[in-house]
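Step one of this worksheet: look at the structure below.
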Amino acid sequence: MSNTLVPERRNAFPTMLSNKDEELIAAATEAISQRYRDDWQEVGAAMRTRDGRIVTGVNIDAYIGRIAVCAEAIAIGRAITETGDRGIETIVAVRHPKPGEPGKIAVVSPCGICRELIHDYDANARVIVPDGGRAPKVVSIGELLPNKYKRGSE
Ligand SMILES: [Zn+2]
């Protein structure tokens, strides 16, 4: 069913990956390849700060699932800890398959909590996401999180 009244969403930038985006995916893949532990570390993330640094992180899972922390949050925390908040130009997360699981390390979408976090630290961040079996693409965080939560009268 198509609805011609809904305008097509447009990005402010091309959705095709650049060489720098591929470099970011490679950095996230390297991070989780080095630190993968079944049930504990399965996702790697890499972000490029607005001043051009690449910072990686891996998720930390926990026995109490709700205290687990996503790889994107670890990367953002590392970036801020090391040099302060310089914004997020682009961010990506990749998931390592479990032993015996088919497939290889692949780009995954940020969860809802990470979408909030990424938006809080850079409302114009680019996010690399999977594209239904095709090559990953780039979208804006605003496109992934319309009607973002806001405090009070902000
Ligand atoms: Zn998340």
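Where a number appears in this text, it was derived from the coordinates with a stated rule and is not lab data. Because the structure is predicted, anything quoted here is derived from the model rather than measured. For neighbour counting, all protein chains shown are included, and Cβ atoms are generated from backbone atoms with ideal geometry for every residue, glycine included.
Can you sort 72, 42, 101 from fewest to most other Cβ atoms within 10 Å of each residue's own Cβ? Provide the component values of the computation, followed by the final result.
Numbers: 72 28, 42 21, 101 9.
The most exposed by this proxy come first: 101, 42, 72.
Calculate the dipole size of the chain relative to its Cα centre from +1 charges on Lys and Arg beta carbons and -1 charges on Asp and Glu beta carbons; express the result in debye to the nearest 20. Don't skip to the answer; put the middle values down first.
Numbers: 21 positive and 21 negative charges, 42 e Å.
About 200 debye.
Can you tell me the Rg and Dmax of the range 19-143, counting just the alpha carbons, in angstroms?
So, for the range 19-143, Rg and Dmax equal 13.5, 40 Å respectively.
Name the residues whose placed amide hydrogens come within less than 5 Å of the amide hydrogen of residue 90, ignoring near sequence neighbours (fewer than 5 apart) on the same chain.
48, 126
Give the order of 111, 70 when sorted by the count of other beta carbons within 10 angstrom, beginning with the fewest.
Details: 111 14, 70 21.
Final ranking by Cβ density, sparse to dense: 111, 70.
Amide H neighbours of residue 108 under 5 Å, counting only residues 5+ apart in sequence or on other chains, H built in-plane at 1.01 Å?
Counting only residues 5 or more places away or on other chains, the set is 93, 94, 95.
Can you list the HN-Hα couplings for the range 97-112, worked out from phi with the Karplus curve (6.51, -1.76, 1.60; θ = phi - 60°), rounded to whole Hz and with x for Gly and Pro?
x, 6, x, x, 7, x, x, 10, 4, 9, 5, 10, 6, x, 5, x
Figure the gain on full extension for residue 64 and residue 34 (residue separation times 0.36 nm, minus the Cα-Cα span) and round it to one decimal in nm.
Numbers: separation 30, 0.36 × 30 = 10.80 nm, distance 2.43 nm.
Extra length from residue 64 to residue 34 when fully extended: 8.4 nm.
Once fully extended, how much extra length lies between residue 151 and residue 22, figured as 0.36 nm per residue of separation less the alpha-carbon to alpha-carbon distance?
On the way: separation 129, 0.36 × 129 = 46.44 nm, distance 3.53 nm.
Between residue 151 and residue 22, full extension yields an extra 42.9 nm.
Can you sort 74, 64, 32 by how many other beta carbons sit within 10 Å, fewest first? Present the calculation step by step, with values, prior to reporting the outcome.
Working: 74 21, 64 7, 32 25.
If I rank by nearby Cβ atoms, fewest first, I get 64, 74, 32.
Can you give me the long-range amide H partners of residue 68? Hydrogens built in the peptide plane at 1.01 Å from N, cutoff under 5 Å, separation of 5 or more residues or another chain.
Those lying under 5 Å, H to H, from residue 68 are 62.
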